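Written below as C-alpha cells is the structure these notes are about.
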Amino acid sequence: MNRLRSLRLLATLLVSSALLSTPVAAASREQAAAISIAADKPGAKINRDIFGQFAEHLGTGIYGGIWVGRNSPIPNVRGIRSDVVAALRAIKVPNVRWPGGCFGDEYHWRNGIGRERAVTLNPNWGGVTEPNSFGTEEYMDFLDQIGAEAFLSINVGSGTPQEAAEWLEYLTTDQPTTLGKMRAANGHPAPYRIKYLGVGNENWGCGGAMSPDHYVEEMKRFSRFVRNYNPKQTGPDAMRRIAVGWDAGASDYTDAVAKAWKAKVWSWDIEGISLHSYTVAGWPPHMASTGFDEGDYATLVKDTLNMETLLSKQSAIMDRYDPDKKLTLSVDEWGVWLAPLPGSNPGFLQQQNSLRDAIIAALNLNIFMRHADRVHVANIAQMVNVLQAMIMTDGPKMVLTPTYHVYRMYLPFQDASFIPVTFDAGSYRRGDVVLPRLDAVAARDGSGQLWLAITNLDPERPADIAATIAGARVASASGQLLTAARVDSVNSFDAPHTVEPKAIAAAVRDGRIELTMPPKSVAVLQLR
Ligand code: AHR
C-alpha cells in the first residue's frame, strides 16, 4: 500500500469511527475535488415544504404506525402514538399529504368523522377493512401534535365536487352552518387551516384513468366549487390548490393543465401542478431492500438521478405558460419503491430502509433545492412503515431509518436561501453505469449561517474535498456525517443505531475547507 492510500484510509477510518474532536484534513490536496461556493450570489428561497411527508391509508402506515387508539398500551395522546410524534417533531415536518394516494380517490370523508365510524374496504391496498378510526379530526390532531400543516387530497375519482366542497366547508367555515356546527360538536369550534389541496391523485391512473382533457374539465369544476372559508387564510396565506400533473409519460397532463390555467377566465384557479416519480428501476418494483449488490446500488442511484431531467422537462413545460413562475411544481410523491419484504402482505408496500436510501434521499433533496424557484412542495412516500419510510414500527417498537437521519441533518436548509455551488463531481463507474461521484448544495439560513451538504455516492472510494467560498470568510466547519459499513446497512429494532450521524469537523486553512468524505456518505457542515 503506498503512502497516499495509507493516508486516505487513515482519514476515512477517523471520520467513520466516532465523534471527531480534531479536524480531519484532506489526505491529498492535489487530488481534492474543488467545490466553489458563491455566497455572494444567493438564489431562491428553499421552501421548507419540500421536506413534506405523505401518509396514506396503506398497510400499517396509519393504523399501527400513527394511530394505535386511545385504549392502546402503547403511550399515546388521543390515540396517536407519542414516540412517533416525538420523532416527527424533531425533524420539523412542514406538511403531511393525506389520505392518499390511490386511497384518496375512493375516500368519503363522512365515514371518518364523529362517534360512529363506518367500516369500509381498502381495495387498492390489500383489500383489508378500513375502520375509519383515523379520519378528519384525528388527522388534524396529528398535524397539531407534530406541528405540521395540512395537505388534503380530495376525491376527484369517485367523489363529486359537492362532497369535496362540503368537506372543506366542514373544515374551514366559521359560520354557524350545519356542517360548521357539526365540526364544533366533534370537538373543534375554530376553523381548521388547510394549506394545500390536492385536486385528485393520479387521475390518469388509479384516480379514474381520465384523459388529460377529461381531467382538466373535472379540475375546473372542483377548483371552482371547493372553497376554503377560513377567514384567516387570505392573501399570501390562502390555500394552494395542486392539480394533477405528469402522467408517467403516457400523455401530457402537465401541458394540458398549464395550458388551461393560462387560458382561464375568472371562475376557477389552481396554484400548482403535481408530479409523482418513484425510484424503482423498472416496474413492477423488484429491487431488494437488503442484501443487494453494488450493481443494484448503482442501477438504483442512476434511476434516482432521472429526477433532475424530469423536473427540468416539467419546469420547461410550465415556463411556456407561466414564465413568471406563479405555479408551484409539487413533487408530492417520490421515493424508493422496492420489492415487498419477504413474508409481508405485498399490498402493504413494506420495505427496509438502508444507507443507500439515505443517499438517494439526499440526492433528491439536492435536486429539489436546485429547482427552488419552481419546486415549493415535495412529499416523500411514505412517512411510517410504507415504502421509503422515516420510521418503522412493530407493535410498541419503533426505529428511525437512515432516511430519517438525512431529514434531520438537512433541517438547516428549511426556508434557507439557496447558494450556487460549482464542483468537480468526478465519476463513479460500476459496469456500464457511470455516475457523478459527488454532489453538493449550499444555503444561507435565516440567521445568516452558511451550510454545505456533500454526498459521496461512491461505495468504495473516499473523496478529498477542498471548498472555497466567495463572499464570506470562514474560520471553522463542523457538522454531521452519515455513513455505515455497507450500502445495505440498516437500522433494525434489535440494532437501531447502525446507521446514525456522527459529529465531524473539517480543517479550514486560509478560508479553504478541507475534508475527506468517506465512501457512501452524506455530510452537512456549518461554515462559521
Ligand atoms: O404511494 C403508493 C401509491 O403510489 C399511491 O397511492 C399512488 O398515488 C402512487 O401510484
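The values are calculated or read from the model by the stated rules, or taken from the named source; none is laboratory data. Since we're looking at a predicted model, the values are computed, not measured. All Cβ positions, even for glycine, are placed from backbone atoms using ideal geometry, and neighbour counts span all protein chains on display. All accessible areas refer to the heavy atoms of the entire protein, side chains included, with ligands and DNA or RNA removed. Shrake-Rupley method; radii C 1.70, N 1.55, O 1.52, S 1.80 Å.
Structural remarks
- The one condition from (1) farther than 20 Å from residue 69 by Cβ; (2) surrounded by fewer than 19 Cβ atoms within 10 Å (Cβ to Cβ); (3) in contact with a strand residue (DSSP E or B) (Cβ under 7 Å, 6 or more places away or on another chain) that residue 151 does not meet is (2).
- Of the candidates 296, 373, 303, the single residue that is surrounded by fewer than 24 Cβ atoms within 10 Å (Cβ to Cβ), assigned to a loop (DSSP other than H, G, I, E, B) and either away from the ligand (no atom under 16 Å from the Cβ) or among the acidic types (Asp, Glu) (or both) is 373.
- Residue 102 satisfies every condition listed in (1) closer than 19 Å to residue 52 by Cβ; (2) more than 16 Å from the ligand (Cβ to nearest atom) except (2).
- Hits in the range 186-222 (condition: of a type in the set (A, V, I, L, M, F, W, C), assigned to a helix (DSSP H, G or I) and in contact (Cβ under 8 Å) with a residue 60 or more places away in the chain): 219, 222
- Of all residues in the range 470-483 being open to solvent by 30 Å² or more (accessible area, probe 1.4 Å) and of a type outside the set (D, E, K, R), the one that is farthest from residue 440 (Cα to Cα): 475
- Residue match in the range 69-90 (condition: touching a residue at least 60 places away in the same chain (Cβ under 8 Å), touching a Gly at 6+ places or on another chain (Cβ under 8 Å) and within 14 Å of the ligand (Cβ to nearest atom)): no
- Every condition in (1) polar (S, T, N, Q); (2) modelled with pLDDT under 95; (3) buried (at least 17 other Cβ atoms within 10 Å of the Cβ) is met by residue 6 except one, and the failing one is (3).
- Of 323, 342, 284, 236, all but one fail to be without any contact (Cβ under 8 Å) to a residue 12 or more places away in the chain, open to solvent by 10 Å² or more (accessible area, probe 1.4 Å) and within 15 Å of the ligand (Cβ to nearest atom); the exception is 284.
- Residue that is least open to solvent (accessible area, probe 1.4 Å), among those in the range 105-124 that are within 16 Å of the ligand (Cβ to nearest atom) and assigned to a strand (DSSP E or B): 122
- Failed item in (1) open to solvent by 60 Å² or more (accessible area, probe 1.4 Å); (2) of a type outside the set (S, T, N, Q); (3) part of a strand (DSSP E or B), with residue 392 passing the rest: (1)
- Just one of (1) open to solvent by 10 Å² or more (accessible area, probe 1.4 Å); (2) assigned to a strand (DSSP E or B); (3) touching a residue at least 24 places away in the same chain (Cβ under 8 Å); (4) not β-branched (Val, Ile, Thr) fails for residue 429. It is (3).
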